[in-house]
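Contents: one structure, followed by commentary.
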Amino acid sequence: ASSPGPLLNGDTKPPCLPRNGLVKIPTQPNGLGSASITKGTPAVKNRLCQPSSVASLRLPGSPSERQLAVDEKILNRLFWYFSACEKCVLAQVCKVWRRVLYQPKFWVGLTPVLHTKELYNILPGGEKEFVSLQGFAVRGFDGFCLVGVSDLDICEFIDNYPLSKKGVKSMSLKRSTITDAGLEVMLEQMQGVVRLELSGCNDFTEAGLWSSLNARITALSVSDCINVADDAIAAISQLLPNLTELNLQAYHVTDTALAYFTAKQGYTTHTLRLNSCWEITNHGVVNMVHSLPNLSVLSLSGCSKVTDDGVELVAENLRKLRSLDLSWCPRITDMALEYIACDLHKLEELVLDRCVRITDTGLSYLSTMSSLRSLYLRWCCQVQDFGLKHLLSMGSLRLLSLAGCPLLTTTGLSGLVQLQELEELELTNCPGATPELFKYFSQHLPCCMVIE
């Protein structure tokens with residue numbers, strides 16, 4: 001994870017956020033609220049900040065030590081070294097520490113995750129009272145993820161969060177029962193929202209998108225929403241002229257929808273992720289490359305009907321691509337990799353997970369790509385040691401994933417020490433990845449993080 005910001009006096013600070021990015025704030029009577037805070041996509045379970053850990057924190061005893069412990073200049077430098085989880089605990093030590101830690105600069109890039117039950121306090125009479133969100137406002141959070149909420153919960157959030165009307169830039173609703181009316185009210189009231197995510201929300205319809213989407217939205221993610229089909233894409237294309245990023249996971253979107261994008265979006269949209277859009281074929285790829293010629297990030301992950309011909313269209317027409325995800329596309333063969341290597345000279349990231357027809361020949365094509373920095377070959381079951389030899393000449397590689405490749409041997413994997421610039425190597429579920437091999441890597445690739 002990237003560091004939140006610079007230290008005082010222009011010094012460079014070390015990274016302070018955990019890789020999994022997910023922490024838990026303990027329940028507070030002061031309006032902190034009980035919420036997860038997430039940065040990026042969590043990879044492992046929540047790290048819990050237990051209230052008991054606060055008991056062990058005591059300010060130093062002598063006057064001089066106490067003076068140093070509340071020196072705000074020192075604290076402003078010191079607190080950059082702690083994770084978000086740790087900062088939540090440290091803020092409970094004393095008022096000075098809280099005042100320093102509650103500066104928005106320490107929480108940039110973090111998104112509070114609030115579940116329905118965490119939005120209310122139960123009063124002695126059994127009535128519910130909406131929690132105070134003042135602690136979030138002080139820290140300047142401009143994005144929230146609400147889980148399991150209803151239209152009423154969203155209205156309560158808007159009324160109770162001081163920054164909701166203008167200060168919230170990003171909203172994510174997951175597994176929620178928001179309806180067309182609730183979506184319309186939310187986007188009408190929260191005038192600052194430019195990034196919107198709807199995941200697992202099955203109560204709004206395509207009509208709700210037509211009535212609520214606003215031209216200020218520049219990034220939209222829709223996944224696992226059963227009422228989303230081609231007409232939803234029509235609404236997006238007509239109502240969001242400034243769209244820069246679209247993430248879509250919808251089983252009923254067809255090739256026709258990919259022709260709906262406007263000329264303005266062809267200029268502005270640089271990121272398109274179509275995940276598990278099972279009905280998309282090569283004909284849809286034709287529509288896409290002509291509608292959105294300026295893409296730099298494209299995912300066709302799980303678009304299982306796309307073949308080598310579709311990849312050829314991508315390679316010939318989207319020369320600005322820097323990231324391409326073809327994972328879980330079982331019809332992709334080595335021929336597709338030849339098209340990629342010949343035409344996508346700016347490509348930095350290529351994801352080929354579960355492309356089971358990829359062989360050593362395909363890797364020989366990729367070995368000519370001087371710009372490629374990240375290559376994912378998880379569960380490519382035909383890749384063998386000979387294919388790895390082709391990769392050894394790729395000095396630009398910084399990340400290589402070979403997780404689940406069953407034919408790679410210890411001898412073949414040991415040759416990867418020639419990639420001295422490698423920063424991350426994933427070898428989980430590789431039969432050839434032995435304890436002896438990991439020890440060998442620790443000696444000969446000391447700067448590389450090897451994931452066992």
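The strands (runs of 3 or more DSSP E) found wholly in region 110-187 and carrying at least 2 residues that are under 19 Å from Cys88 (Cβ atoms) and hydrophobic (A, V, I, L, M, F, W, C) occupy 111-115, 143-147.
For region 367-394, filtering for residues that are open to solvent by 50 Å² or more (accessible area, probe 1.4 Å) and under 30 Å from the mean Cα position of the chain (by Cα) leaves 7.
Examine region 308-315 for a residue that is in a loop (DSSP other than H, G, I, E, B) and either of a type in the set (D, E, K, R) or under 26 Å from the mean Cα position of the chain (by Cα) (or both), and state whether such a residue exists.
No, there is no match, as no residue in region 308-315 is in a loop (DSSP other than H, G, I, E, B) and either of a type in the set (D, E, K, R) or under 26 Å from the mean Cα position of the chain (by Cα) (or both).
The set of residues in region 272-286 being open to solvent by 10 Å² or more (accessible area, probe 1.4 Å) and either under 24 Å from the mean Cα position of the chain (by Cα) or of a type in the set (A, V, I, L, M) (or both) consists of Arg273, Asn275, Ser276, Trp278, Val286. Among the residues of region 342-354, those identified as part of a loop (DSSP other than H, G, I, E, B) and surrounded by fewer than 17 Cβ atoms within 10 Å (Cβ to Cβ) are His345, Lys346.
Residue by residue, here is whether (1) under 27 Å from Leu416 (Cβ atoms); (2) at pLDDT 95 or above; (3) out of contact with any Phe, Trp or Tyr (no Cβ under 7 Å at 6 or more places or on another chain) holds:
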site	(1), (2), (3)
Val289	no, yes, yes
Ser304	no, yes, no
Cys329	yes, yes, yes
Thr333	yes, yes, yes
Asp343	no, yes, yes
Leu347	yes, yes, yes
Ser364	yes, yes, yes
Leu372	yes, yes, yes
Cys380	yes, yes, yes
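Suppose the filter is acidic (Asp, Glu) and either open to solvent by 50 Å² or more (accessible area, probe 1.4 Å) or touching a Phe, Trp or Tyr at 6+ places or on another chain (Cβ under 6 Å) (or both); does Glu184 pass it? Spelling it out, Glu184 is indeed acidic (Asp, Glu) and either open to solvent by 50 Å² or more (accessible area, probe 1.4 Å) or touching a Phe, Trp or Tyr at 6+ places or on another chain (Cβ under 6 Å) (or both). Of the residues examined, Ala137 is not one that is more than 21 Å from the chain's Cα centre (by Cα) and under 30 Å from Trp210 (Cβ atoms). Every condition in (1) touching a Phe, Trp or Tyr at 6+ places or on another chain (Cβ under 9 Å); (2) over 24 Å from Glu184 (Cα atoms); (3) open to solvent by less than 60 Å² (accessible area, probe 1.4 Å) is met by Asn121 except one, and the failing one is (3).
Evaluated against (1) in contact with a helix residue (DSSP H, G or I) (Cβ under 9 Å, 6 or more places away or on another chain); (2) at pLDDT 95 or above, Ala250 falls short on exactly one condition, (2). Restricting to region 406-447, what's the tally of residues that are over 21 Å from Trp379 (Cα atoms), touching an Asp or Glu at 6+ places or on another chain (Cβ under 9 Å) and open to solvent by less than 80 Å² (accessible area, probe 1.4 Å)? Matching residues across region 406-447 total 0.
Of all residues in region 144-162 being more than 11 Å from Leu119 (Cα to Cα) and surrounded by fewer than 17 Cβ atoms within 10 Å (Cβ to Cβ), which is modelled with the lowest pLDDT? My answer is Pro162.
Among the residues of region 187-211, the ones that are open to solvent by 50 Å² or more (accessible area, probe 1.4 Å), farther than 12 Å from Ser172 by Cα and under 23 Å from the mean Cα position of the chain (by Cα) come to 1 in all. If the condition is being closer than 16 Å to Glu184 by Cβ and among the acidic types (Asp, Glu), then region 141-166 contributes Asp151, Asp153. For region 42-58, check the following and say yes or no: at least one residue is modelled with pLDDT under 90, open to solvent by 30 Å² or more (accessible area, probe 1.4 Å) and under 30 Å from Lys166 (Cα atoms). Taking every residue of region 42-58 in turn, at least one turns out to be modelled with pLDDT under 90, open to solvent by 30 Å² or more (accessible area, probe 1.4 Å) and under 30 Å from Lys166 (Cα atoms).
The values are calculated or read from the model by the stated rules, or taken from the named source; none is laboratory data. Predicted, not measured: the structure shown is a model, and the values here were computed from it. Backbone-built Cβ (ideal geometry, glycine too); neighbour counts: all protein chains shown. We work out accessible area using only protein heavy atoms, side chains counted, and drop any ligands, DNA or RNA first. Shrake-Rupley method; radii C 1.70, N 1.55, O 1.52, S 1.80 Å.
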